[in-house]
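Trainee: Got a structure for you, written out below as structure tokens; questions coming shortly.
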Amino acid sequence: MKKNLVVILAFAVLYFVYFNYEGQTGQVEDSAFEAVIITKVVDGDTVYSDKGEKIRIIGINAPEVGEELLSEESMDFAKKHLLNKEVYIEKDVEVLDQYDRILAYIWIDKPENLSYESIKNLNYSAMSLSVGLSRTYTFEPNVKYERDFKRAQREARDLEIGMWEVSEEGTTRGNELR
């Protein structure tokens with residue numbers, strides 16, 4: 001009887017943790033962040049740093065300029081929040097993509113912790129997703145904030161803002177909607 005109770009209790013705890021997990025949480029390591037100045041915005045998901053590096057922002061796909069709806073708005077959003085500003089890049093497991101672009105998350109400011117609120121307010125990918133100007137676009141192994149990004153996208157979809165106001169499928173490709 002006691003053994004069954006322990007098994008049920010363990011299952012209940014695992015169930016609660018799995019289904020109530022809201023994304024990345026924890027402390028921040030200062031060494032994970034590198035300060036750069038963004039000198040050029042190509043579109044809503046690609047920028048250049050003052051070190052001459054072309055950076056593909058991890059976790060999102062923004063509408064292609066001149067090809068997809070809301071591309072100009074997405075690029076303007078990136079310019080407003082990134083252009084000529086000091087930001088912090090954080091790399092994940094893979095550092096370069098197939099086009100030799102740096103793969104990185106961009107932070108408007110260093111977060112004090114990795115709660116959903118700090119990610120939503122300081123991580124550029126989550127910010128863009130929150131206003132419907134990009135879609136989640138994550139690939140193994142660079143998935144550190146995937147759950148947080150999907151949550152930000154889901155909130156924008158539920159509010160029908162940005163690309164979700166235009167179409168239930170969005171205006172650019174991304175990961176499968178869930």
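Trainee: Could you tell me whether segment 143-158 includes any residue that is of a type in the set (A, V, I, L, M) and over 18 Å from residue 93 (Cα atoms)? Walk me through how you get there before you give the answer.
Mentor: The first filter runs over segment 143-158 and keeps only residues of a type in the set (A, V, I, L, M), leaving 143, 152, 156.
Next, from what is left, pick out any that are over 18 Å from residue 93 (Cα atoms): 152, 156.
Scanning segment 143-158 turns up at least one residue that is of a type in the set (A, V, I, L, M) and over 18 Å from residue 93 (Cα atoms).
Trainee: Looking at (1) in a loop (DSSP other than H, G, I, E, B); (2) within 24 Å of residue 51 (Cα to Cα), which is the one condition that is false for residue 88?
Mentor: (1)
Trainee: Residue 170 fails exactly one of the following numbered conditions: (1) open to solvent by 40 Å² or more (accessible area, probe 1.4 Å); (2) at pLDDT below 95; (3) in contact with a Phe, Trp or Tyr (Cβ under 9 Å, 6 or more places away or on another chain). What is the number of that condition?
Mentor: Of the numbered conditions (1) open to solvent by 40 Å² or more (accessible area, probe 1.4 Å); (2) at pLDDT below 95; (3) in contact with a Phe, Trp or Tyr (Cβ under 9 Å, 6 or more places away or on another chain), the odd one out for residue 170 is (1).
Trainee: Kindly list, by first and then second residue, each pair from a residue in segment 150-172 that is under 16 Å from residue 126 (Cβ atoms) and hydrophobic (A, V, I, L, M, F, W, C) to a residue that is open to solvent by 40 Å² or more (accessible area, probe 1.4 Å) and at pLDDT 95 or above, limited to pairs with Cβ atoms under 7 Å and residues at least 6 apart or on different chains.
Mentor: So the pair list comes out as 152/120; 156/131; 161/131; 164/157.
Trainee: A further question on this structure: Using the structure shown, decide if residue 105 is within 16 Å of residue 59 (Cβ to Cβ), hydroxyl-bearing (Ser, Thr, Tyr) and in contact (Cβ under 8 Å) with a residue 24 or more places away in the chain.
Mentor: Numbers: within 16 Å of residue 59 (Cβ to Cβ): yes; hydroxyl-bearing (Ser, Thr, Tyr): yes; in contact (Cβ under 8 Å) with a residue 24 or more places away in the chain: yes.
The answer is yes for residue 105.
Trainee: Does segment 86-123 hold any residues that are of a type in the set (Lys, Arg), open to solvent by 50 Å² or more (accessible area, probe 1.4 Å) and farther than 15 Å from residue 33 by Cα, and which are they?
Mentor: Initially, segment 86-123 is screened for residues of a type in the set (Lys, Arg), giving 91, 101, 110, 120.
Retained after the next criterion (residues that are open to solvent by 50 Å² or more (accessible area, probe 1.4 Å)): 91, 110, 120.
120, the sole residue that qualifies.
Trainee: Just need a number here: residues in segment 129-149 that are buried (at least 22 other Cβ atoms within 10 Å of the Cβ) and among the charged types (D, E, K, R).
Mentor: The total comes to 2.
Trainee: On the given criteria, is residue 126 hydrophobic (A, V, I, L, M, F, W, C) and either over 19 Å from residue 68 (Cβ atoms) or exposed (fewer than 15 other Cβ atoms within 10 Å of the Cβ) (or both)?
Mentor: Judged against the criteria, residue 126 is a match.
The values are calculated or read from the model by the stated rules, or taken from the named source; none is laboratory data. Owing to the predicted nature of the structure, the values given are computational and were not obtained by experimental measurement. Neighbour counts run over all protein chains shown; Cβ positions are idealised from the backbone, glycine included. Remember, those area values only see protein heavy atoms, side chains included, never the ligands or the DNA or RNA. Shrake-Rupley method; radii C 1.70, N 1.55, O 1.52, S 1.80 Å.
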